[in-house]
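This report concerns only the one structure given below.
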Amino acid sequence: MAIERTFSILKPDATRRNLTGKINAVFEDAGLRIVAQKRIQMSRAQAEAFYGVHRERGFFNDLVSFMISGPVVVQVLEGENAVARHREVMGATNPANAAEGTVRKMFAESIEANSVHGSDSPENAAIEIAYFFAGTEIVG
Ligand code: ADP
Ligand code: MG
């Protein structure tokens, strides 16, 4: 299996509760390496564009408001099969359905405030990484 990169966000519910280190430890213990990371305040336009694929969903406006309600930590994670591995340790979107030991099972507050984002394919990972990081900011 090849070394891959994926894009990760620690969402405002996680930064508000000071969980950056605890969540990063889960990723690192899963064999994912944090090769880029920064704490930012997303603008509404940035969040709307990032979640553009969900524009028609009923939860879109609430989701955008939530994502700009506080700082987020954006990251690039690298490792074997990183996209799938990251999704595995994140757990199901709805924490009620998330497996034991996953980030969302341990930390998510709700289906919306579910602590973490992760790319769903290598193709989307490349798009999402380029949206937030210059190549020179990623140090593998
Ligand atoms: P995932 O983050 O697991 O890839 P989706 O891409 O389907 O999930 O949804 C993006 C984000 O939108 C979720 O992580 C969550 O914050 C929010 N979301 C998804 N479904 C709902 C819902 N039914 N109600 C409220 N928020 C939702
Ligand atoms: Mg998704």
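Annotations
- Odd one out for residue 14, checked against (1) in contact with a Leu (Cβ under 7 Å, 6 or more places away or on another chain); (2) among the hydrophobic types (A, V, I, L, M, F, W, C); (3) within 18 Å of residue 89 (Cβ to Cβ): (1)
- Counted residues, the range 114-129 - those being among the aliphatic types (A, V, I, L, M) and in contact with a Ser or Thr (Cβ under 6 Å, 6 or more places away or on another chain): 1
- Hits in the range 58-93 - residues which are among the basic types (Lys, Arg) and in contact (Cβ under 8 Å) with a residue 40 or more places away in the chain: 85
- For residue 33, the criteria (1) under 21 Å from residue 126 (Cα atoms); (2) within 15 Å of ligand 1 (Cβ to nearest atom); (3) of a type outside the set (Gly, Ala, Ser) hold in every case but one, which is (2).
- Filter result (within 15 Å of ligand 2 (Cβ to nearest atom), in contact (Cβ under 8 Å) with a residue 24 or more places away in the chain and loosely packed, with under 15 Cβ neighbours inside 10 Å) within the range 127-140: 131
- Complete set of residues in the range 8-25 that are crowded, with 18+ Cβ neighbours inside 10 Å and of a type in the set (A, V, I, L, M, F, W, C): 9, 10, 14, 19, 23
- Figure legend. Inter-residue proximity from the range 114-125: first residues farther than 19 Å from residue 68 by Cα, second residues more than 8 Å from ligand 1 (Cβ to nearest atom) and in a loop (DSSP other than H, G, I, E, B), beta-carbon distance below 6 Å, spacing 6+ or different chains. Indicated pairs: 125/119.
- When residues in the range 36-57 are screened for being surrounded by 18 or more Cβ atoms within 10 Å (Cβ to Cβ) and in contact (Cβ under 8 Å) with a residue 24 or more places away in the chain, 3 of them pass.
- In the range 43-53, the residues that are more than 16 Å from ligand 2 (Cβ to nearest atom) and under 16 Å from the mean Cα position of the chain (by Cα): 46
- Candidates 100, 56 - the one that is away from ligand 2 (no atom under 15 Å from the Cβ) and charged (D, E, K, R): 100
- Check on residue 97, over 15 Å from residue 4 (Cβ atoms) and either free of Cβ contacts under 8 Å to residues at least 12 places away in the same chain or surrounded by fewer than 15 Cβ atoms within 10 Å (Cβ to Cβ) (or both): yes
- Criterion applied to 123, 78 was being touching a strand residue (DSSP E or B) at 6+ places or on another chain (Cβ under 8 Å), more than 12 Å from ligand 1 (Cβ to nearest atom), closer than 14 Å to residue 7 by Cβ and among the acidic types (Asp, Glu), and the one residue passing it is 78.
- Screening 104, 57, 39 for residues that are in a loop (DSSP other than H, G, I, E, B) and among the basic types (Lys, Arg) leaves exactly one candidate, 57.
Here, each number is a calculation from the coordinates, and none is a lab measurement. Because the structure is predicted, anything quoted here is derived from the model rather than measured. Every residue, glycine among them, receives a Cβ derived from its backbone with ideal geometry; neighbour counts consider all protein chains shown.
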